[in-house]
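*Asks:* Below you'll find the structure I mean.
The values are calculated or read from the model by the stated rules, or taken from the named source; none is laboratory data. Computed from a predicted structure; not experimentally measured. No Cβ is skipped: glycine too gets one built from the backbone with ideal geometry, and neighbour counts run over all protein chains shown.
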Amino acid sequence: MPELKRLHADDAPAVLAFELANRAYFAASVSDRGDEFFEQFTDRFRALLAEQAAGTSAFYVLLGEDGSVLGRFNLYDCEDGTAELGYRVAQHVAGLGVATATVRELCRVAATRHGLRTLRAGTAHDNAASQAVLTKAGFVPVGPADPAHLGGKPGIWYQRVLEVRP
């Protein structure tokens with residue numbers, strides 16, 4: 001059974017392996033991160049952990065039973081009860097409901113652990129898979145997204161108001 005856990009320094013090698021193994025797959029639907037991302041991975045990873053420690057973001061990994069990263073699920077720009085959601089799953093689990101189930105779980109975590117009330121996610125018009133995940137996870141379209149936010153691609157913002165339960 002996959003486990004969603006908060007990103008930790010020890011996850012760096014597995015996250016890098018995940019990103020490298022799925023680079024071409026991700027580039028088909030979102031802008032490629034470029035060679036510089038991989039060359040500076042250690043510094044970028046440390047910066048993510050610093051953001052998380054500061055409370056402005058919360059980063060999660062979905063781990064398979066073998067400890068490999070099946071997906072990354074991130075809450076960015078946490079402020080005033082709102083955050084932006086970003087996620088990506090490995091090609092070999094795409095289409096199996098992994099992303100939808102984990103986005104639903106992260107919505108629960110966002111409300112209960114991080115006190116968030118609203119999540120937003122942008123997706124390109126041509127990324128039907130991401131649109132389906134967001135819709136199945138209770139997000140609704142709320143308007144156009146700035147192409148600069150989506151690597152130059154036109155897109156749409158989705159939003160979900162979270163239920164905060166005691």
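*Asks:* Take the residues of segment 84-113 that are of a type in the set (S, T, N, Q) and touching a helix residue (DSSP H, G or I) at 6+ places or on another chain (Cβ under 6 Å): which is modelled with the lowest pLDDT?
*Replies:* Gln91
*Asks:* Suppose we filter segment 123-166 for residues that are at pLDDT below 90, surrounded by 17 or more Cβ atoms within 10 Å (Cβ to Cβ) and out of contact with any strand residue (DSSP E or B) (no Cβ under 7 Å at 6 or more places or on another chain); how many remain?
*Replies:* 1
*Asks:* Here's a follow-up. Exactly one condition in (1) among the small types (Gly, Ala, Ser); (2) free of Cβ contacts under 8 Å to residues at least 40 places away in the same chain; (3) out of contact with any Cys (no Cβ under 9 Å at 6 or more places or on another chain); (4) not in a strand (DSSP E or B) is not met by Gly138; state its number.
*Replies:* (3)
*Asks:* Continuing with this model, one more query. Would you please name the residue that is surrounded by the most Cβ atoms within 10 Å (Cβ to Cβ), looking only at residues in segment 61-92 that are outside any strand (DSSP E or B) and free of Cβ contacts under 8 Å to residues at least 24 places away in the same chain?
*Replies:* Among those residues, the one meeting the criterion is His92.
*Asks:* Something else about it: Residue by residue through segment 1-12, note down the ones that are surrounded by 12 or more Cβ atoms within 10 Å (Cβ to Cβ) and assigned to a helix (DSSP H, G or I).
*Replies:* Of everything in segment 1-12, those that are surrounded by 12 or more Cβ atoms within 10 Å (Cβ to Cβ) and assigned to a helix (DSSP H, G or I) turn out to be Asp11, Ala12.
*Asks:* Take the conditions in contact with a Ser or Thr (Cβ under 6 Å, 6 or more places away or on another chain), assigned to a helix (DSSP H, G or I), of a type in the set (D, E, K, R) and farther than 23 Å from Val133 by Cβ and apply them to Glu36. Does it pass?
*Replies:* Judged against the criteria, Glu36 is not a match.
*Asks:* Test Leu116 against the stated conditions and say whether it is closer than 28 Å to Gly55 by Cα, within 12 Å of the chain's Cα centre (by Cα), of a type in the set (A, V, I, L, M) and at pLDDT 95 or above.
*Replies:* no
*Asks:* Just a yes or no: is a residue in segment 43-54 surrounded by 14 or more Cβ atoms within 10 Å (Cβ to Cβ), in a loop (DSSP other than H, G, I, E, B) and either in contact (Cβ under 8 Å) with a residue 40 or more places away in the chain or within 15 Å of the chain's Cα centre (by Cα) (or both)?
*Replies:* No: segment 43-54 contains no residue that is surrounded by 14 or more Cβ atoms within 10 Å (Cβ to Cβ), in a loop (DSSP other than H, G, I, E, B) and either in contact (Cβ under 8 Å) with a residue 40 or more places away in the chain or within 15 Å of the chain's Cα centre (by Cα) (or both).
*Asks:* Let me ask something additional. Given the conditions (1) surrounded by 16 or more Cβ atoms within 10 Å (Cβ to Cβ); (2) of a type in the set (S, T, N, Q); (3) more than 28 Å from Gly155 (Cα to Cα), which single one is not true for Asn22?
*Replies:* (3)
*Asks:* Can you tell me which residues in segment 115-135 are farther than 13 Å from Glu84 by Cα and either in contact with a Lys or Arg (Cβ under 6 Å, 6 or more places away or on another chain) or part of a loop (DSSP other than H, G, I, E, B) (or both)?
*Replies:* Across segment 115-135, the qualifying residues are Gly115, Ala124, His125, Asp126, Asn127.
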